[in-house]
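Okay, structure first, notes after.
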Amino acid sequence: MKPCRHFRHQTFRRKKADQQTNVMEEVNRTIAEAKAHMEKALEHLDHELGKLRTGKASTAMLQDLLVEYYGTPTLMTQVANLQVTDARTIVIQPWERNMLAPIERAIINANLGVTPSNDGEVVRLMIPPLTEERRKELVKKAKHAGEESKVGVRTARHKALDQIKKAVKDGLAEDMGKRKETELQDMVNKFVEQVDKVVATKEKEILTV
């Protein structure tokens with residue numbers, strides 16, 4: 001016996017609803033992934049700005065430096081204790097005394113604009129005040145890092161937008177697609193605003209004598 005028209009209609013509507021639900025879940029996952037990528041772009045910006053020397057002592061400028069440890073490039077933070085002792089001094093206490101020279105070499109090779117001194121126990125970095133020219137150079141670097149972060153945010157938006165448009169073709173209601181596009185753009189605007197704030201704060205820090 002053939003199923004009645006009412007039953008066929010109900011089955012079609014149920015399949016249609018299930019399809020809508022699946023497509024919507026996929027779109028929500030896409031937006032969540034885009035947000036995660038934007039957050040990573042912002043975290044990377046914080047990391048990069050932390051390495052810019054501002055005239056004040058900060059161990060952040062050393063966090064990515066690699067030191068030769070028995071032939072293996074190793075993060076300085078894994079072979080020594082880093083400590084800020086005053087506004088212009090960083091003290092590096094290696095776990096092993098024979099690491100003093102490799103630590104000095106790593107700092108010199110990194111061209112940080114700081115000359116290390118070694119008293120046989122620790123390596124000291126005396127942070128000199130920044131010149132006006134150096135401050136301007138650092139501001140440019142901060143702004144460049146900000147622009148790179150924005151590129152990361154917009155790349156995430158572009159990928160998510162493509163997925164939303166595909167979802168509409170796959171059955172997502174067009175008005176819902178538009179709402180999701182607006183939600184995505186609002187998120188992008190928020191992250192771009194955060195990038196601008198972070199860069200402006202760093203710029204002020206660099207220019208403060």
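The values are calculated or read from the model by the stated rules, or taken from the named source; none is laboratory data. Fair warning: this is a prediction, and the values are worked out from it, not measured in the lab. Reconstructed Cβ throughout: ideal geometry from the backbone, glycine too, with neighbour counts over all protein chains shown. In case anyone asks, the SASA skips ligands and DNA or RNA and just uses the protein heavy atoms, side chains included. Shrake-Rupley method; radii C 1.70, N 1.55, O 1.52, S 1.80 Å.
Rounded to the nearest 0.05, the FRET efficiency derived from the C-beta distance between D196 and N81 at R0 = 25 Å is 0.10.
The mean accessible area for residues of the chain, using a 1.4 Å probe and ignoring ligands and nucleic acids, is 63 Å² per residue.
Taken about its Cα centre, the chain carries a charge dipole of roughly 1480 debye when the Cβ of each Lys and Arg holds +1 and the Cβ of each Asp and Glu holds -1. The separation of segment 28-52 from segment 102-146, counted between C-alpha centres, amounts to 26 Å.
When you filter the trypsin sites (Lys or Arg not before Pro) in segment 62-160 for DSSP loop state and at most 16 other Cβ atoms inside 10 Å of their Cβ, you are left with R88. Taking a straight line from the alpha carbon of K56, these lysines sit under 26 Å away, with near neighbours fewer than eight places off in the same chain left out: K136, K140, K141, K143, K197, K202, K204. Once all protein chains are placed together, D64 keeps about 70 Å² accessible to a 1.4 angstrom probe.
Between T208 and D162, the FRET efficiency estimated from the beta carbon spacing at R0 = 45 angstrom works out to 0.55.
Restricting to DSSP loop positions (anything but H, G, I, E, B) with no more than 11 other Cβ atoms inside 10 Å of their own Cβ, which chymotrypsin sites (Phe, Trp or Tyr not before Pro) remain in segment 61-170? Qualifying residues, ordered by number: Y70, W95. Ligands, DNA and RNA left out, the accessible area of segment 97-191 computed with a 1.4 Å probe is 51% carbon and sulfur. Between amide H atoms placed 1.01 Å from N, distances below 5 Å from A80 occur with W95, all of them 5 or more places distant or on a separate chain.
For the pair R88 and R29, the difference between a 0.36 nm per residue extended length and the Cα-Cα distance amounts to 16.5 nm. The simple spin-label model puts a point 7 Å past each Cα toward its Cβ; for E133 and A173 those points are separated by 6.4 nm.
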